[in-house]
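**Student:** I'd like to ask some things about the structure below.
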Amino acid sequence: MAMEVTQVLLNAQSIDGTVRKHAEESLKQFQEQNLPSFLLSLSGELANDEKPVDSRKLAGLILKNALDAKEQHRKFELVQRWLSLDANVKTQIKTCLLKTLTSPVPDARPTASQVIAKVAGIELPQKQWPELIGSLLSNIHQLPAHVKQATLETLGYLCEEVSPDVVDQDHVNKILTAVVQGMNAAEGNNDVRLAATRALYNALSFAQANFNNDMERDYIMRVVCEATQSPEVKIRQAAFECLVSISSTYYDKLAHYMQDIYNITAKAVREDEEPVALQAIEFWSSICDEEIDILEEYGGDFTADSDVPCFYFIKQALPALVPMLLETLLKQEEDQDQDEGAWNIAMAGGTCLGLVARTVGDDIVPLVIPFIEENITKPDWRQREGATYAFGSILEGPSPDKLLHIVNVALSFMLSALTKDPNNHVKDTTAWTLGRIFEFLHGSTMDTPIITQANCQQIITVLLQSMKDTPNVAEKACGALYFLAQGYEDVAPTSPLTPFFQEIVQSLLTVTHREDAGESRLRTAAYETLNEVVRCSTDETAPMVLQLVPVIMMELHKTLEGQKLSSDEREKQSELQGLLCGCLQVIIQKLGSSEPTKYVFMQYADQIMGLFLRVFACRSATVHEEAMLAIGALAYSTGPDFAKYMPEFYKYLEMGLQNFEEYQVCAVTVGVVGDICRALEEKILPYCDGIMTQLLKDLSSNQLHRSVKPPIFSCFGDIALAIGENFEKYLMYSMPMLQSAADLSTHTSSADDDMTEYTNSLRNGILEAYSGIFQGFKNSPKTQLLIPYAPHILQFLDSIYMEKDMDEVVMKTAIGLLGDLADTLGSNAGSLIQQSLSSKDFLNECLSSEDHMIKESAEWAKLAISKAISV
């Protein structure tokens with residue numbers, strides 16, 4: 001059945017485009033015409049040691065891609081396709097794959113390892129290929145080291161692909177034994193040790209039972225710690241990666257080993273090569289993450305027998321840990337600020353120091369202040385930058401009282417350094433630190449303001465001056481201004497920034513036009529800051545915000561004048577349009593929120609909408625997300641007048657709803673449909689058939705990301721509220737969907753936080769849909785159409801009440817729905833509510849809630865229910 005594919009595979013890698021294209025076509029055709037034969041040919045090619053290494057590697061890659069894909073729905077199709085292949089074909093392919101592991105050719109083996117793991121990921125959960133793990137383990141005892149290495153690598157990939165519940169404990173024990181033996185210093189071959197150490201990293205999630213056993217845990221920990229001392233740098237790095245993973249997976253089992261781990265990590269941070277040192281710092285960052293989570297969840301009030309004890313490892317290690325981290329801050333690289341992806345020891349150390357500050361709070365301050373005082377004025381830039389970085393890193397965590405004194409001293413020093421320090425690094429970090437001061441220690445919640453009439457002028461002058469500096473410094477200065485503005489968000493009627501508003505806006509617009517604004521995210525930062533300055537401005541500056549409208553419109557207009565653009569230019573154009581639409585959105589929201597400015601602003605509405613439609617027209621297939629959001633804001637502001645834009649806008653709305661691939665765009669568009677419903681009310685009716693058809697299609701698609709489904713349900717509610725009893729014709733389609741989603745959402749109690757969060761958002765969407773539908777039908781002669789749905793809804797409310805995992809949002813929506821049910825159906829609902837299992841308990845619980853929103857909804861519901869019952 002197999003066919004000769006060597007030449008085609010080599011041609012598919014040819015430098016000659018025509019040859020390559022022709023080969024790719026042949027492969028595609030072969031796959032479509034005879035899949036089993038195609039896969040057999042590839043596995044035969046991979047397993048054949050006589051074949052050229054390039055054709056073998058590509059054969060393996062194509063095999064791997066025939067089993068797995070990034071998109072969920074495609075992955076599902078490929079899994080089904082493999083499972084439905086003839087059993088003999090699959091056996092032959094698997095035999096070829098296992099044979100390749102013993103190949104003397106180094107490049108063939110890793111490819112086979114990956115493909116075996118992909119097949120295992122499909123078959124083991126189906127209880128197929130039960131002999132796989134056994135046959136891999138028997139390879140471990142073979143003599144050639146390369147077979148051992150390839151097998152350990154395969155076991156590692158296998159643990160990455162399958163979930164722990166698929167492999168029985170006996171096999172887990174044998175895998176761990178093989179892996180830990182392979183890591184042992186007694187193993188002479190470094191390739192084998194490295195493969196074993198990397199395999200352990202993936203196998204750790206399987207080792208729950210083994211970590212609960214003291215002897216086994218001691219043995220694993222000893223071997224990992226020994227591997228951190230290997231003469232081979234890659235093995236040391238992989239061993240520290242294992243320690244990082246253990247620190248989060250088995251935090252509660254570490255107490256016994258912490259002293260040794262501290263010694264090993266401290267030595268690595270001070271003396272080892274960078275990749276190893278970075279992982280050693282990462283270990284402590286990971287411990288911080290664990291302790292921050294525990295302390296946040298329990299609010300720090302632990303009883304003696306608390307379920308999740310915090311071991312306070314960081315607090316205990318502080319006196320030794322902080323000096324070690326401060327040392328790392330002086331190991332900067334010359335050009336790290338210009339390189340966006342830069343990551344080095346100094347940056348890792350500063351990040352870890354920041355996490356330590358969040359873990360222990362006030363205790364860190366006295367340990368860091370002497371370092372700052374000693375280094376901040378030194379002639380060597382590394383010491384000045386390190387001291388500034390240390391200061392900026394500890395501003396989140398400690399209480400403001402503990403920091404205020406030093407911040408007040410530091411502020412004027414930093415402002416002067418930002419203008420006068422000769423070194424770019426120092427200025428970059430200084431501007432970042434100012435931003436952190438404004439983010440954490442400035443705002444309406446502070447008792448003692450750090451920004452006063454005396455220093456406000458100087459701060460703004462310095463920041464606007466720094467926006468003319470190199471792009472990396474200017475970007476950080478924009479960030480500092482962003483938090484400065486944010487701190488004045490709630491200070492109406494007058495803001496200390498008002499006298500400087502015009503100058504700030506002008507400076508930010510100037511930055512966006514800099515030749516080098518594309519570097520260091522500078523242009524994006526300038527627009528984000530402009531948006532924040534506008535968003536937090538008060539009524540006194542509204543006339544200046546109005547003057548900004550034609551300016552930004554002109555900028556957006558310029559992006560539409562482009563001639564034929566290359567794909568790179570088109571991407572830049574699209575990004576700039578996104579920033580400008582985002583800016584207009586903020587301006588629309590600002591000016592639309594008060595009647596006098598809204599009235600003046602409306603003179604621009606037609607032109608703005610025209611620009612947005614032209615932005616959409618720039619693209620053939622996809623809808624522009626930011627333009628869509630801005631249109632939502634415009635609809636909200638213009639209200640019923642928005643109807644005149646619908647004939648032209650509708651096709652783009654439909655396009656956004658059809659965009660499964662970029663699901664964020666789809667979700668944003670669904671939100672905009674809600675905005676338009678609220679703006680147009682019954683005027684949206686002519687468009688509802690199209691919109692509802694598309695929303696129902698979205699819901700029944702298995703390609704759409706699950707996160708879009710809750711907002712679609714809420715959108716049903718928005719439409720029903722807007723068109724009232726006209727929603728009647730959609731009931732037969734939407735209600736069954738709501739019911740099946742409701743049933744689904746009550747059977748998903750899970751320990752997984754993400755899943756719980758999703759379940760809550762799904763329930764909330766369903767409840768909002770029902771609420772909108774019931775409110776929409778209120779006082780209509782057609783209310784009786786809803787009576788048949790009431791028992792199921794009450795049952796849904798019962799079941800989510802019984803499951804006890806509602807968050808506040810769901811609770812408020814649920815009690816509101818109970819009220820809507822009573823309010824709309826009156827006496828028809830009264831008896832049903834009285835019979836329901838938990839309505840009374842649920843109502844009482846909400847009435848005594850601490851949350852005033854829930855309490856308010858509950859009081860309204862109580863009133864509606866008592867009316868319905870008394871009729």
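The values are calculated or read from the model by the stated rules, or taken from the named source; none is laboratory data. This is a predicted model, so every value here is computed, not measured. Heads up, the Cβs are rebuilt from the backbone with ideal geometry, glycines too, and the neighbour counts pull from every protein chain shown. What goes into the accessible areas is simple: the full protein's heavy atoms, side chains included, and nothing from ligands, DNA or RNA. Shrake-Rupley method; radii C 1.70, N 1.55, O 1.52, S 1.80 Å.
**Student:** Provide a single number: the residues in region 832-871 that are open to solvent by less than 90 Å² (accessible area, probe 1.4 Å), among the polar types (S, T, N, Q) and closer than 21 Å to M802 by Cα.
**Tutor:** Qualifying residue count, region 832-871: 7.
**Student:** Which condition number does P543 fail, the rest of (1) in a helix (DSSP H, G or I); (2) closer than 26 Å to L404 by Cβ; (3) of a type outside the set (D, E, K, R) being met?
**Tutor:** Failing condition for P543: (2).
**Student:** Same structure again: Does K378 satisfy the criteria of being at pLDDT below 95 and open to solvent by 30 Å² or more (accessible area, probe 1.4 Å)? Steps first, answer last, please.
**Tutor:** Working: at pLDDT below 95: no; open to solvent by 30 Å² or more (accessible area, probe 1.4 Å): yes.
For K378, the condition - at pLDDT below 95 and open to solvent by 30 Å² or more (accessible area, probe 1.4 Å) - is not met.
**Student:** Can you tell me which residues in region 365-394 are within 24 Å of F311 (Cα to Cα) and either touching a residue at least 60 places away in the same chain (Cβ under 8 Å) or under 30 Å from the mean Cα position of the chain (by Cα) (or both)?
**Tutor:** Matches in region 365-394: S393, I394.
**Student:** Cβ contacts < 8 Å: first residue within 15 Å of Q835 (Cα to Cα) and modelled with pLDDT of 95 or more, restricted to region 789-816; second residue open to solvent by 30 Å² or more (accessible area, probe 1.4 Å) and not in a helix (DSSP H, G or I), any location; separation 6+ or different chain. Result?
**Tutor:** Nothing qualifies.
**Student:** Another question, then. Go over the candidates K51, K90, K75 one by one and state the one that is open to solvent by 10 Å² or more (accessible area, probe 1.4 Å) and at pLDDT 95 or above.
**Tutor:** Result of the check over K51, K90, K75: K90.
**Student:** Condition first: assigned to a helix (DSSP H, G or I) and open to solvent by 50 Å² or more (accessible area, probe 1.4 Å). Now tell me which residues in region 762-786 satisfy that.
**Tutor:** E768, Q775, P781, K782, Q784, L785
**Student:** Which one of the conditions (1) open to solvent by less than 50 Å² (accessible area, probe 1.4 Å); (2) touching a residue at least 40 places away in the same chain (Cβ under 8 Å); (3) among the aliphatic types (A, V, I, L, M); (4) part of a helix (DSSP H, G or I) does L61 fail to meet, given that it meets all the rest?
**Tutor:** For L61, the failing item is (1).
**Student:** Let me ask something additional. Taking the conditions exactly as written (farther than 25 Å from L744 by Cβ and open to solvent by less than 80 Å² (accessible area, probe 1.4 Å)), does A814 satisfy them or not? So that I can check it myself, show each step before the final result.
**Tutor:** On the way: farther than 25 Å from L744 by Cβ: no; open to solvent by less than 80 Å² (accessible area, probe 1.4 Å): yes.
No; evaluated as a whole, the condition is false for this residue.
**Student:** Check region 588-596 and report whether any residue there is open to solvent by 10 Å² or more (accessible area, probe 1.4 Å) and outside any helix (DSSP H, G or I).
**Tutor:** yes
**Student:** Okay, next question. In region 1-26, which residues are open to solvent by 20 Å² or more (accessible area, probe 1.4 Å) and either touching an Asp or Glu at 6+ places or on another chain (Cβ under 7 Å) or of a type in the set (A, V, I, L, M, F, W, C) (or both)?
**Tutor:** Result: M1, A2, M3, V8, L10, Q13, I15, V19.
**Student:** Also, I was wondering about something else. From the list I287, I281, I294, I264, which one is touching a Leu at 6+ places or on another chain (Cβ under 9 Å), in a helix (DSSP H, G or I) and more than 21 Å from M347 (Cβ to Cβ)?
**Tutor:** Residue meeting the stated conditions: I264.
**Student:** Only one of these is open to solvent by 10 Å² or more (accessible area, probe 1.4 Å), within 11 Å of T154 (Cα to Cα), in contact (Cβ under 8 Å) with a residue 12 or more places away in the chain and part of a helix (DSSP H, G or I): P125, P110. Name it.
**Tutor:** Criteria check complete, one pass: P110.
**Student:** Moving on. Hey, does region 703-721 have a residue that's open to solvent by less than 20 Å² (accessible area, probe 1.4 Å), farther than 18 Å from G772 by Cβ and of a type in the set (S, T, Y)?
**Tutor:** Among the residues of region 703-721, not one is open to solvent by less than 20 Å² (accessible area, probe 1.4 Å), farther than 18 Å from G772 by Cβ and of a type in the set (S, T, Y), which makes the answer no.
**Student:** Name every residue in region 670-692 that is within 18 Å of L634 (Cβ to Cβ) and among the small types (G, A, S), in order of residue number.
**Tutor:** G671, G674, A679
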